[in-house]
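Read the structure below first, then the notes.
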Amino acid sequence: MVGTSTFSLSLSKQYGKTYRPLASGFIATSRIPVDLPPRIWDAQLHKIEDQGTGCVVSHISNQDRLIVALDVPHVKEAEALVERLGDHVTFYKIGMELVYAGGLDLVRTLSKQGKKVFLDLKLHDIPNTVERATARLADLGATFLTVHAFPQTMKAAKAGKAQSGLKILAVTVMTSYDDQDLQDAGYGCSVRELVKRRAGQAKDIGIDGLILSPEEVGEIRVQLGPGMALVTPGIRPASAAKGDQKRVMTPAEALHAGADHLVIGRPVTAAADPVAAAIAIQKEIAAALG
């Protein structure tokens, strides 16, 4: 894990300011410059932009850091989970399984209810198709949309979202993959190397954030600085099983590494008491940030 002093020094060199680390640990996007000029509050991004440096510092509520994955086969099941979780959860992920079962209307419904939606479709097609699909999806009211981190795909998605409030997240390497999987697929590099390369490309293109394993978060935060959202699946509470994820961390570990949002599915949705499970994770988040 990258040390706090290393990150603070990196930001000091990049922005010419002294940065004060939090006492609670390595929360990369919560480093606050000691002497900030006037700032602009961006409610959509939950961020503050420093007018003097362009540095973006994350101000995300503890509740919004937890994204519950609605990885269920039927819309009615998803709706029942949302109703049961009530005000305890403010951010949901809707993926391909639910979308193909009619879940796009649920994106609109949740947005109208004041919930935030992470639309996890991992778009990857010819640029024209990705651009047009992104433009249509931008009308649904989602906060995040995922695409694969190929340069042409990222550029097309950025063009498609235009001036909408939709934020594009690039998927670096799936958290179910490891170095052997990449070797078997013909990649001549490790997961770490591929994530770093794709992260740099995403920043150069102007993508809003990345999906990556919590294991890569610390290094990527130093590489990119504080301006991009880092969203991490592969998060399991200490008491939970790994499932099919190979590169996992607990909520506290991921936040200390610099993650902004934690995507958690089965530990909440498959729990005997989803509300209690969500509350327990929220407490872990609060304790980690405390």
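Among Phe144, Phe118, Phe150, a tally of other beta-carbon atoms within 10 Å of each Cβ gives an order, fewest to most, of Phe150, Phe144, Phe118.
Its residue count N sets the reference 2.2 N^0.38 Å, and the alpha-carbon radius of gyration of the stretch 156-290 equals 1.11 times that reference.
Think of each Lys and Arg Cβ as +1 and each Asp and Glu Cβ as -1; about the Cα centre, that makes the dipole of the stretch 144-280 roughly 400 debye. A straight line joining the Cα centroids of the stretch 129-155 and the stretch 171-242 runs 19 Å. In percent, rounded to a whole number, the relative contact order of the stretch 157-290 is 21, using alpha-carbon pairs under 8 Å and six or more apart.
Between Ser111 and Ser176, the distance separating the two model label sites (each 7 Å from Cα on the Cα→Cβ line) works out to 2.8 nm.
Values quoted throughout were computed directly from the atomic coordinates according to the rules given, and no laboratory measurement underlies them. Remember, it's a predicted structure, so these values are computed and weren't measured experimentally. Methodologically, a virtual Cβ is constructed for each residue, glycine included, from the backbone with ideal geometry; neighbour enumeration extends over all protein chains shown.
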